[in-house]
Amino acid sequence: MLLNLAQSRRALFFGGKGGVGKTSVASTTALAAARAGRRVLIVSTDPAHNLGHLWQRSIGADIVELRENLYGTEIDPEATVEEHLAAVGETLYSVMPENLRGEVKRHLELSRQAPGTHEAAILERIADLLVLGLRDFDLVVFDTAPSGHTARLMALPEIMNSWVEGLLRNRQKSEKFAAAVRGLEHDTNRDHLVETRGQDPLIERDLRIRRILLRRQSRFETLRDTLRDASLVSFVIVTNAERMPVLESAQLYDQLKTAGVNVGGLVVNRRSPADAGEFLAGRRELEASALELMTSELKALPSTELPLLPGELMGEQAIGKFADLLA
Ligand SMILES: Nc1ncnc2c1ncn2[C@@H]1O[C@H](COP(=O)(O)OP(=O)(O)O)[C@@H](O)[C@H]1O
Ligand SMILES: [Mg+2]
């Protein structure tokens, strides 16, 4: 199932409850695809990165080569927010008059703390990496943050629309302020603005900002459309055969379905062996009853079981051995 998806799609997302093995399974799939000759980029979107830990090297925000055909990067949320605000600030400073610099600065400071800013910034980075990945790589593997965070990220256009709308609204307030400063009565009626374009510098600016923001909005709409294209992108839910991860997987499945994202498969990781003594055999039975809790939709997904490993999964060799099990 995993090799199939890695062969047939251009981008795969791995998601699930914290600690179930998202990073391990994403890296294993990425390595298997790289071995098969695909040029693969693995992207960690989880602020609690453990990609570098797994590969036993520091990764970070730049794309680094992990081995032949395999590259990795970790999204740094703080740095991404700063970059995002710097870009927004540059745009605002370039279009706002000198006397509103203080307003812009205050807007940016508020934005830093505003709900949604983090996600907007991470989304923007995901959008960039997806575009770059589709251009320069055969496959992009996203190792995502625990379910709730990722499901929200997938509910894209709404978050972005309100972000852009907020900017437009704030900008309108600034516009009124500017008008007041200049003692002008500024008519914000759109039709009027378009008609009188080219005559009033305020109107010129208004249209410029609007264009920039709308371009931004359309970028996120493109991202949403890509994420919803099942021939390009698929989501793999990773779980353990335990009650809580199984229940959370059902929730994640529903959220992804609502967001219109194709779910291509389910991985049940860390399955206890039946033939390694009474203790683990007992665990295995318990796991079977946890798996019974799966919804019919989860049960209907193509699935793969991966065994509980006796040792720690770390380093290319160990990942490679795990990848052998996918064949
Ligand atoms: N099949 C497995 N058998 C044993 N340990 C595993 C297995 N899969 C993952 N692990 C270990 O479990 C821990 C969590 O895995 P990780 O992939 O980091 O989860 P997540 O990314 O979902 O938080 C890591 O220490 C990893 O080495
Ligand atoms: Mg992880």
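Taking the range 240-285 on its own, how many of its residues are among the β-branched types (V, I, T) and either part of a helix (DSSP H, G or I) or farther than 20 Å from L2 by Cα (or both)?
Selection size over the range 240-285: 2.
What is the residue count in the range 98-132 for residues that are of a type in the set (D, E), more than 26 Å from T150 (Cα to Cα) and surrounded by 13 or more Cβ atoms within 10 Å (Cβ to Cβ)?
Number satisfying all stated conditions: 1.
Among the numbered conditions (1) within 12 Å of ligand 1 (Cβ to nearest atom); (2) out of contact with any helix residue (DSSP H, G or I) (no Cβ under 7 Å at 6 or more places or on another chain); (3) at pLDDT 95 or above, tell me where H49 comes up short.
Answer for H49: the failing condition is (3).
For the range 1-89, which fully contained helices (runs of 4 or more DSSP H) count at least 1 residues that are without any contact (Cβ under 8 Å) to a residue 60 or more places away in the chain and crowded, with 16+ Cβ neighbours inside 10 Å?
In the range 1-89, the matching helices (runs of 4 or more DSSP H) lie at 22-35, 51-55.
Checking L280 against (1) crowded, with 22+ Cβ neighbours inside 10 Å; (2) more than 26 Å from T144 (Cα to Cα); (3) not small (G, A, S), only one condition comes out false. Which one?
Evaluating L280 over (1) crowded, with 22+ Cβ neighbours inside 10 Å; (2) more than 26 Å from T144 (Cα to Cα); (3) not small (G, A, S) leaves (1) as the failure.
State yes or no: is L223 surrounded by 13 or more Cβ atoms within 10 Å (Cβ to Cβ), closer than 13 Å to G260 by Cβ, among the aliphatic types (A, V, I, L, M) and touching a Gly at 6+ places or on another chain (Cβ under 8 Å)?
no
From L54, L31, grab the single residue that is away from ligand 1 (no atom under 12 Å from the Cβ), modelled with pLDDT of 95 or more and hydrophobic (A, V, I, L, M, F, W, C).
When all the criteria are applied, what remains is L31.
Looking at the range 60-73, which of the residues that are modelled with pLDDT of 95 or more and within 16 Å of ligand 2 (Cβ to nearest atom) is farthest from D128 (Cα to Cα)?
Here the answer is L66.
Matching residues to (1) assigned to a helix (DSSP H, G or I); (2) away from ligand 1 (no atom under 11 Å from the Cβ); (3) in contact (Cβ under 8 Å) with a residue 60 or more places away in the chain:
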site: A288; (1), (2), (3): yes, yes, no
site: M294; (1), (2), (3): no, yes, no
site: K299; (1), (2), (3): yes, yes, no
site: L306; (1), (2), (3): no, no, yes
site: E312; (1), (2), (3): no, no, no
site: A318; (1), (2), (3): yes, no, no
site: A323; (1), (2), (3): yes, yes, yes
site: L326; (1), (2), (3): no, yes, yes
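Which of the residues belonging to the range 15-56 are of a type in the set (D, E, K, R) and more than 16 Å from ligand 2 (Cβ to nearest atom)?
R35, R38, R39 - these are the residues of the range 15-56 that are of a type in the set (D, E, K, R) and more than 16 Å from ligand 2 (Cβ to nearest atom).
Per-residue answers, yes or no, for (1) among the small types (G, A, S); (2) in the same structural domain as D138 (by TED's automatic domain parsing); (3) within 26 Å of L309 (Cβ to Cβ):
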| position | (1), (2), (3) |
| --- | --- |
| G15 | yes, yes, yes |
| T29 | no, yes, yes |
| I63 | no, yes, no |
| A87 | yes, no, no |
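The values are calculated or read from the model by the stated rules, or taken from the named source; none is laboratory data. It should be emphasised that the depicted structure is a prediction, and the values quoted were computed from it without experimental measurement. Note that each Cβ is placed from the backbone with ideal geometry, even for glycine, and that neighbours are counted across all protein chains shown.
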